[in-house]
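Below you'll find the structure, written out as structure tokens, and then a few comments.
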Amino acid sequence: MRKLLLFLFILSTLQSYGQTDTAFWFAAPDVAEIGNLDKPIHLRISSFQSPSTVTVSQPANAGFMIQTLTLPAYTTQSINLTSQINIIECAPGNVVQNRGLKITATNKISVYYEVNAGAPNPEIFALKGKNALGNQFYISSQYSLSNMIYGSPNVEPYSSFNIVATEDNTSVTINPSKNIVGRPANIPFTIVLNKGQTYAAEASSPAASQHLEGSYITSTKPIAVTLEDDLLNGGPVFGGNCQDLAGDQTVPVNITGTEYIAIRSQLNFPYDKIYITASQNGTVINQDGVIITTLNAGQSAELSMNNPSTYIQTSLPAYAYQMAGAGCEMASAILPKINCTGNSTASISRSSPEGLIITLLVRNGGQGNFLINNLTGIITAAQFSVVTGTGGQWYFAKVNLPVSSYPTGATVKIDNTSHLFQLGFMQGGVLSGLSFGYLTDYNTVRANASASNSTPCEGANITFSSSVISSALYVWTGPAGFNSNVPDPVLNNVALTSSGTYYVSVTVPGCGIYLDSVNILVRPKTYSTIDAAICSGGNYGGYTTAGTYVNTFTGANGCDSIRTLNLTVNPPITTTVNQIICQGETFAGYTVSGQYINTFTGSNGCDSIRTLNLTVKPRSFSTITQTICAGQSFLGYTATGTYSDTLVAANNCDSVRTLNLTVKP
């Protein structure tokens, strides 16, 4: 039990930028709990040239704690899911559960699921995005090693495959090749899964002969499938006492190919094994130019690997599954087909001082055109060897990246300026275990036309994108005479006439011409003019002075709404009134001399300010005492009495006269 007692499996420390997408589905396998071999669990997420906001959810489980992170460009972050492991791992077998994970991102990312990092029994499962989704799968598995821990022969789980649905009401029909928990072999059965629901098919025996290779799955809607082979016993076959977890996310039948190349790892004699599983009857298997066998659908063949590389051809599309490792510690991966697949650029980030070897596979002519971190001369043509059986068409290299040159934390970017290539890695050693995987696109080259915004606003800029292949020729065409010969052209200042379909043609030497298109609908700007008047001291939309103002707002369609404001400022009306009144009179309600300022609303709707200068003239008063004789008169009065008369004084105001008249007899 060297692995369980002494060594670290360091696959968890390698971060790759090979398989990218914006949506990933995953069914996490149930890993043996003995000695906490299943903990911790993490999602390792890497961004590329664009920052990305990433959300992790369980669509079928409202109780799942949704997690969101923001990744700057070219960074890697981890999400620890250990606290929710009991609602993530697909266990027990033969039960429909709500445990599927969905990872979405605003820009392309790569993701892998990691079990038990830095401890015994670790493994990663590279998520393959849309390349993992399909309606028809055959299960790949090795069948040389049994599953067990020494002294604990009944420990479960064993070999399994795990299914997650991506849409509601998905009917999944499974025909297990061997007995699985709760179901007999070779009797198809159907389950119905809703979006995010999972089903685990677990072998009922740990024996190598009872592994599930050749099991067949069909579905009415897209699903993803995870392979798992837990606690592989490397001792009896490979001369050691090792147990290790192996697995991968597989691909559907339509992603498989007819040509594969495997590069040998550091596994003890009898070295790596390749398992070919046919998807159609009459599939002829050829290894290094020699016909090995003919398989029917669901049948598998085990191929030995005595040379440093091997070339496998199948007459019909089939799966290729490689069991690799270091010493007697195991690892496994679904091999990518070589027919027009691969990348022009890929990256890995070293986070361990362990040995790191990258494997490169390229067509003849591309050997001398590799760059590492944009530098030439590090990977040279002399490091490549011809792949046996390819007639000199394919070359491979195993390039050691010493820790002195590429220390822990260093990012290693590999480019080929002329050819597509496949990048694999082998990290670790014969004592500590080997990290093994492929960091390449599993599907055939595609044009992959896309746009940064398919419904841009008038006046915006659009960046078109397609698969970047250094050796390819590009032709973009579109409305209003648009054309370009670069992979990612930019259309500036789009107009309404820019709406329509944009086509890209990608010509890849040795592969053919690939076509794709993207539709663009340009949303218009809106324009409006407002004539407005305000009074001095007021404001309209924040403006207080007369003039013409142009403002841009967001319209109902989400685009610019441009408003032209013609603003008039009306001044206040001012008047002055000088008024004289007599004592006892009023003017505008005022009776006392003084200055009074009043504000009214003028005819233009603004303030009318009146200043009143009021003068109040006093009344005059006089008293006359007069005596007359009877028969006489005074001021017209002839009888004794008091008489008051109001007259007009010299100031034109009242003069009040009081007459006290006495008439003597």
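Tell me the residue from 105, 126 that is touching a Phe, Trp or Tyr at 6+ places or on another chain (Cβ under 6 Å) and buried (at least 17 other Cβ atoms within 10 Å of the Cβ), please.
Details: 105 fails: touching a Phe, Trp or Tyr at 6+ places or on another chain (Cβ under 6 Å).
Checking each option against the conditions leaves just 126.
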Residue selected from the stretch 299-308 under the condition modelled with pLDDT of 95 or more and outside any loop (DSSP other than H, G, I, E, B), by the criterion most open to solvent (accessible area, probe 1.4 Å) = 302
Within the stretch 475-507, residues being surrounded by fewer than 19 Cβ atoms within 10 Å (Cβ to Cβ), part of a strand (DSSP E or B) and in contact (Cβ under 8 Å) with a residue 24 or more places away in the chain number 6
With (1) farther than 30 Å from residue 617 by Cβ; (2) free of Cβ contacts under 8 Å to residues at least 12 places away in the same chain as the list, and residue 604 as the residue in question, which single condition is left unmet?
-> (2)
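Just for the stretch 508-534: of the residues that are of a type in the set (A, V, I, L, M) and under 30 Å from residue 343 (Cβ atoms), which one is most open to solvent (accessible area, probe 1.4 Å)?
Here the answer is 515.
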Scan the stretch 426-452 for residues that are modelled with pLDDT of 80 or more and closer than 30 Å to residue 501 by Cβ and jot them down.
-> 441, 442, 443, 447, 448, 449, 450, 451, 452
Picking from 644, 608, which residue would you name as being of a type outside the set (D, E, K, R), under 18 Å from residue 584 (Cα atoms) and in a strand (DSSP E or B)?
-> 644
For the stretch 72-128, the count of residues that are of a type in the set (Gly, Ala, Ser) and either more than 12 Å from residue 24 (Cα to Cα) or over 23 Å from the mean Cα position of the chain (by Cα) (or both) equals 8
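Name the single residue that is surrounded by the most Cβ atoms within 10 Å (Cβ to Cβ) among those in the stretch 372-392 being assigned to a loop (DSSP other than H, G, I, E, B) and among the hydrophobic types (A, V, I, L, M, F, W, C).
Step by step, filter the stretch 372-392, then rank; the result is 387.
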Would you check if residue 603 is over 58 Å from the mean Cα position of the chain (by Cα), assigned to a loop (DSSP other than H, G, I, E, B) and modelled with pLDDT under 85?
-> yes
So which residues in the stretch 194-220 are closer than 26 Å to residue 61 by Cβ and open to solvent by 40 Å² or more (accessible area, probe 1.4 Å)?
-> 194, 195, 218, 220
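A quick yes/no check of all residues on (1) over 33 Å from the mean Cα position of the chain (by Cα); (2) open to solvent by less than 20 Å² (accessible area, probe 1.4 Å):
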{"residue": "327", "(1), (2)": "yes, yes"}
{"residue": "347", "(1), (2)": "no, yes"}
{"residue": "397", "(1), (2)": "yes, yes"}
{"residue": "402", "(1), (2)": "yes, no"}
Are any residues in the stretch 558-578 surrounded by 15 or more Cβ atoms within 10 Å (Cβ to Cβ) and part of a strand (DSSP E or B), and if so, which ones?
-> 560, 561, 562, 563, 565, 567, 569, 570, 573
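Among 216, 260, 199, 271, which is the only one that is at positive phi and of a type in the set (Phe, Trp, Tyr)?
Only one candidate passes the filter, namely 271.
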Flag if residue 319 is aromatic (Phe, Trp, Tyr) and surrounded by fewer than 24 Cβ atoms within 10 Å (Cβ to Cβ) | no
Residue check, residue 395 against (1) under 25 Å from residue 131 (Cα atoms); (2) assigned to a strand (DSSP E or B), all met but one. Which one?
-> (1)
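Can you go through 191, 187 and tell me which one is of a type in the set (A, V, I, L, M), out of contact with any strand residue (DSSP E or B) (no Cβ under 7 Å at 6 or more places or on another chain) and open to solvent by 10 Å² or more (accessible area, probe 1.4 Å)?
187
Would you mind finding the one in 537, 555, 602, 594 that is open to solvent by 60 Å² or more (accessible area, probe 1.4 Å) and small (Gly, Ala, Ser)?
Every option except 537 fails the conditions.
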Among the residues of the stretch 73-91, which ones are of a type outside the set (Val, Ile, Thr) and either assigned to a helix (DSSP H, G or I) or at pLDDT 90 or above (or both)?
-> 80, 81, 83, 84, 86, 89, 90
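Look through the stretch 605-626, keep the residues that are hydrophobic (A, V, I, L, M, F, W, C) and surrounded by 14 or more Cβ atoms within 10 Å (Cβ to Cβ), and return whichever of them is nearest to residue 654 (Cα to Cα).
As a first pass, look at the stretch 605-626 and keep what is hydrophobic (A, V, I, L, M, F, W, C): 606, 609, 612, 614, 616, 621, 624.
Now restrict to residues that are surrounded by 14 or more Cβ atoms within 10 Å (Cβ to Cβ): 606, 609, 612, 614, 616.
Values: 606: 41, 609: 33, 612: 23, 614: 18, 616: 12 Å.
In this case the residue turns out to be 616.
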Considering the stretch 21-53, residues that are among the aliphatic types (A, V, I, L, M) and surrounded by fewer than 18 Cβ atoms within 10 Å (Cβ to Cβ), and then whichever is modelled with the lowest pLDDT, we arrive at 34
Looking across the stretch 77-88 at residues that are within 12 Å of residue 58 (Cβ to Cβ) and touching a residue at least 40 places away in the same chain (Cβ under 8 Å), the single one that is surrounded by the fewest Cβ atoms within 10 Å (Cβ to Cβ) is 81
Name, by its number, the condition in (1) of a type outside the set (A, V, I, L, M); (2) closer than 30 Å to residue 426 by Cβ; (3) touching a strand residue (DSSP E or B) at 6+ places or on another chain (Cβ under 7 Å) that does not hold for residue 442.
-> (3)
Assess whether residue 468 counts as being in contact (Cβ under 8 Å) with a residue 40 or more places away in the chain, among the aliphatic types (A, V, I, L, M) and out of contact with any strand residue (DSSP E or B) (no Cβ under 6 Å at 6 or more places or on another chain).
-> yes
Scan the stretch 243-298 residue by residue and report those that are small (Gly, Ala, Ser) and either in a loop (DSSP other than H, G, I, E, B) or within 24 Å of residue 395 (Cβ to Cβ) (or both).
-> 257, 262, 265, 279, 282, 289, 297, 298
Here are some conditions: (1) surrounded by fewer than 16 Cβ atoms within 10 Å (Cβ to Cβ); (2) closer than 29 Å to residue 132 by Cβ. Residue 472 meets all but one. Which one does it not meet?
-> (1)
Mind listing whichever residues of the stretch 329-345 are under 9 Å from residue 260 (Cβ atoms) and either in contact with a Leu (Cβ under 9 Å, 6 or more places away or on another chain) or open to solvent by 10 Å² or more (accessible area, probe 1.4 Å) (or both)?
-> 337, 338
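The values are calculated or read from the model by the stated rules, or taken from the named source; none is laboratory data. From a predicted model like this one, the values you see are computed outputs, not experimental measurements. Glycine gets a Cβ as well: all are built from the backbone with ideal geometry, and neighbour counts include every protein chain shown. To get the accessible areas, we keep the full protein, side chains included, count just its heavy atoms, and leave off ligands, DNA and RNA. Shrake-Rupley method; radii C 1.70, N 1.55, O 1.52, S 1.80 Å.
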